[in-house]
1. Going by what's in this entry, would K56 be described as surrounded by 15 or more Cβ atoms within 10 Å (Cβ to Cβ) and either farther than 30 Å from S161 by Cβ or at pLDDT below 90 (or both)?
2. For the range 108-122, how many residues meet the condition of being surrounded by 14 or more Cβ atoms within 10 Å (Cβ to Cβ) and either without any contact (Cβ under 8 Å) to a residue 12 or more places away in the chain or within 25 Å of I165 (Cβ to Cβ) (or both)?
3. Here are the criteria: (1) among the β-branched types (V, I, T); (2) more than 18 Å from K153 (Cβ to Cβ); (3) at pLDDT 85 or above. Tell me which single one I65 does not satisfy.
4. Just to be sure before I move on: is K100 touching a residue at least 40 places away in the same chain (Cβ under 8 Å), in the same structural domain as I142 (by the TED database) and charged (D, E, K, R) in the structure I sent?
5. Considering only residues of the range 155-179 that are open to solvent by less than 50 Å² (accessible area, probe 1.4 Å) and among the charged types (D, E, K, R), which is modelled with the highest pLDDT?
Amino acid sequence: MFKVLLRALDKLQLTEKKKVAVFDDIGPLDLGFIEISLSKGSEDEIPLWLAQYLEKQNLVKINSITTEELGKLLFQEKQNSTTPASLVKTYPDIYFRIKKLEEELKAKGLNGLEELKKVKSMVNEISLIRLRKIIQLASLSINDQTLISKMTKEEYLAYLSMRKIITSFYGDVIGNPTN
């Protein structure tokens, strides 16, 4: 069920707006419910499906994340790695941005290989720390909106799934219902 929900999130993400750098004048484009024009040299937000189409034509570049930003996030997450209530606020679409960065580094071939290894290592560590915190939050049945707002959609989905499993375990297996 979790995989189905993740796939649904991926499909929904296609409609979300992403920031792009515009390399050439584009438009006006009629999207059915809105008409947009993009100016060369500007940064604009457009739906991901359109951004991906225009990027294939080298008309725009979708913003990703930098290795430096990942390093900063890793440092911040490590500061309180054992405190569940210490999730660091990050881009809501950080996992999309990470995939984008990895694609860019792979496209560089051997020149991007070393940085790609570094990125994968940082991403693994960031994910493990964040997931550990989310598991702790789920097991403690903490439903604080401030903490939830610091989760990505994928992390929130994992949190809800784990919380449901833990609640079921306590209710059905042990016989003690929790929140």
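1. Numbers: surrounded by 15 or more Cβ atoms within 10 Å (Cβ to Cβ): no; either farther than 30 Å from S161 by Cβ or at pLDDT below 90 (or both): yes.
Spelling it out, it is not the case that K56 is surrounded by 15 or more Cβ atoms within 10 Å (Cβ to Cβ) and either farther than 30 Å from S161 by Cβ or at pLDDT below 90 (or both).
2. Within the range 108-122, residues that are surrounded by 14 or more Cβ atoms within 10 Å (Cβ to Cβ) and either without any contact (Cβ under 8 Å) to a residue 12 or more places away in the chain or within 25 Å of I165 (Cβ to Cβ) (or both) number 1.
3. (2)
4. Criteria not met by K100.
5. E155
The values are calculated or read from the model by the stated rules, or taken from the named source; none is laboratory data. Just so it is clear, the structure is predicted and the values come from calculations on it, not from any experiment. Positions of Cβ are generated from backbone atoms using ideal geometry, with glycine treated the same way; all protein chains shown enter the neighbour counts. In case anyone asks, the SASA skips ligands and DNA or RNA and just uses the protein heavy atoms, side chains included. Shrake-Rupley method; radii C 1.70, N 1.55, O 1.52, S 1.80 Å.
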